[in-house]
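Working notes for the structure below.
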Amino acid sequence: MARKKRKLEGDVKMDMTPMIDVTFLIIIFFLCLEFKTLEGKLAANLPKDVGVNTSKAPPMDKLDIRIVCPKGGWGKKKMTNTVYANNQRRFELIGHRVYWYIGPKKVSSIPGLEKELRKQAKKKVLDPKTKTMKTKPITIKAGPGVTYGDVTAVVDIALDAKFEEITFGGGEGTRAQQRAKRGKRK
Amino acid sequence: MSRRSRAVSNQTDMDMTPMIDCIFQLIIFFFLIIDLQNKELEPLVLPKAIHAIPDEPEPGRKRPILNVRQDGTVVYRTKVFWQPSDGENYSKLLKLLDYFANTLMVKKMDPDLKRVLPQDALLIRADRWTEMHHIAKIMELCGNQKILIWKVELAVGEPKDADSKKKPSK
């Protein structure tokens, strides 16, 4: 009887080494994973003195950039296989195009925009607060039909041209809202 | 002699159970952490940019992040705070921005305006093809007297070859 028991005990003994090896590998894998997706960000400001400051701000030369989506520039929607949590399918815009107004000057290509912004970045203005020369502050205004990607592209080019202060102006509504406004006028 | 060697082999026998327990606990912990991180970031296709600063969040800190889907739906931690069917009713979103400005963000006295303003930036994540108007609306709400968030960051994807001089495609 005693001999039988000893034999059984020997059967249930397991070699844990491979399992521990695997678990350690899993831990190392998780530790090596950075807990973030590879993303970047572009810093910008909003006008902080709107409706708050009662004192008069000293005047400073600014550069307005208007992004305009022309008629028919929205492009055609091409549905993708990606589905959002609200069961909506993601789309891509094919043939989407925009142009830009840098002050009064119209620019219709990305290289043209880069060239113009680099030129504008060379023109320094006096900052009345710090009394130092710096690049003009930029205000980006987006028209109807302009997408987030169009705006980030402008911010990216402005940062490349060494502009320091980038702010956003008010939007002009969505394409649908603009169509509704035009309909009312008629 | 043989008796001695048996005694030595008995000493090296170790109970692995607590260690395996610990390892499993660690694995569960990592799984949970990954799940929490994904809650903040909606699966969106971000536009690419060359001059983006890498987004390096402080571990364990709640961040003010707004995700904007293609139709303008605003999502924070998987909860919807505005959707097109809400129309001009932005009350939920205003409450959320108020929470960001007055609870999550560090505030500091602005010497020019002589007012206490939030110093942290609001991270806006939107799909490459989201109409800018939706983001502009969020920015407009940030200017509310109770909120006054003035720093924003636009989330972008880093190009695969960040050092290349290739410009964003149009």
Check your understanding: Order of A:L126, B:L122 from fewest to most other C-beta atoms within 10 Å?
Key -> A:L126, B:L122
Practice item. With a ≥ b ≥ c taken as the square roots of the eigenvalues of the C-alpha gyration tensor of region B:22-131, please select rounded if a/c is under 1.5 and otherwise prolate if a/b is larger than b/c or oblate if it is not? Key: oblate
Practice item. Provide a whole-number value for the mean count of partner chain Cβ atoms within 10 Å of the Cβ atoms in peptide A:153-162. Key: 4
Review point. Tell me, A:V155, B:V80 in order of fewest to most beta-carbon neighbours within 10 Å?
Key: B:V80, A:V155
Review point. Mind checking the mean number of beta-carbon atoms from other chains within 10 Å of the Cβ atoms in B:114-123?
Key: 2
Check your understanding: For region A:63-175, what proportion of DSSP beta bridges, expressed in % and rounded to the nearest 5, is antiparallel?
Key -> 65 percent
Point to revise | Sorted by Cβ density within 10 Å, fewest first, the residues B:R61, A:R97, B:R69 | key: B:R61, A:R97, B:R69
Revision key, fill the gap. Along principal axes, largest first, the alpha-carbon spread of region A:63-175 in whole Å comes out as 54, 29, 24
Exercise for review: Give the percent of DSSP beta bridges with both residues in region B:65-154 that are antiparallel, rounded to the nearest 5.
Suggested key: 55 percent
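Coordinate-derived values only; no laboratory data. None of these values were measured; they are calculated from a predicted model. Reconstructed Cβ throughout: ideal geometry from the backbone, glycine too, with neighbour counts over all protein chains shown.
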